[in-house]
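S.K.: The structure is given below, and queries will be raised subsequently.
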Amino acid sequence: MTIYVTDWSMTSDCTTESAQRVADKWPKSWRLSWLPDRLLTREQALAGMDLAEIVSTQTYRHDRLAHLRAVHFAGQLGIPLEQILLGL
């Protein structure tokens, strides 16, 4: 699982989800494809991409470490993991 990051985009080699930078010089200037209504910091966008990769594998449900990582990344977004899973 690899996330490719440039100054203006984030993509993954294992999911179709992505993040795009929509503005320059704003603290919250990133938008996730699966969370389009929220502007995020770069760190939050990267957490959202990590979360999308974890959830896309479907093994996180049986892997305690992966599940804990998913909970952590959801927390960085300020959204409960359960709520995110309903939207992905």
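S.K.: Can you give me the number of residues within region 7-22 that are open to solvent by less than 80 Å² (accessible area, probe 1.4 Å), among the charged types (D, E, K, R) and closer than 10 Å to residue 53 by Cα?
M.R.: Counting residues in region 7-22 that are open to solvent by less than 80 Å² (accessible area, probe 1.4 Å), among the charged types (D, E, K, R) and closer than 10 Å to residue 53 by Cα gives 1.
S.K.: Ok, one more. What residue, among those in region 23-37 that are assigned to a loop (DSSP other than H, G, I, E, B) and open to solvent by 70 Å² or more (accessible area, probe 1.4 Å), is modelled with the highest pLDDT? Break it down into steps so the answer makes sense when it comes.
M.R.: In the first step, residues of region 23-37 are kept if they are assigned to a loop (DSSP other than H, G, I, E, B); the result is 23-29, 33-34.
So of that shortlist, the ones also open to solvent by 70 Å² or more (accessible area, probe 1.4 Å) come out as 24-28.
On the way: 24: 85, 25: 83, 26: 87, 27: 86, 28: 92.
Across region 23-37, the extreme among qualifying residues is 28.
S.K.: Right, something else. What tally of residues in region 38-82 results from selecting those that are β-branched (Val, Ile, Thr), modelled with pLDDT of 90 or more and not in a helix (DSSP H, G or I)?
M.R.: 2
S.K.: Right, something else. Exactly one condition in (1) touching a helix residue (DSSP H, G or I) at 6+ places or on another chain (Cβ under 6 Å); (2) surrounded by 18 or more Cβ atoms within 10 Å (Cβ to Cβ) is not met by residue 40; state its number.
M.R.: For residue 40, the failing item is (1).
The values are calculated or read from the model by the stated rules, or taken from the named source; none is laboratory data. This one's a predicted model, so the numbers in the text were calculated from it and none came from an experiment. All Cβ positions, even for glycine, are placed from backbone atoms using ideal geometry, and neighbour counts span all protein chains on display. Side chains included, ligands, DNA and RNA excluded: accessible areas come from the protein's heavy atoms. Shrake-Rupley method; radii C 1.70, N 1.55, O 1.52, S 1.80 Å.
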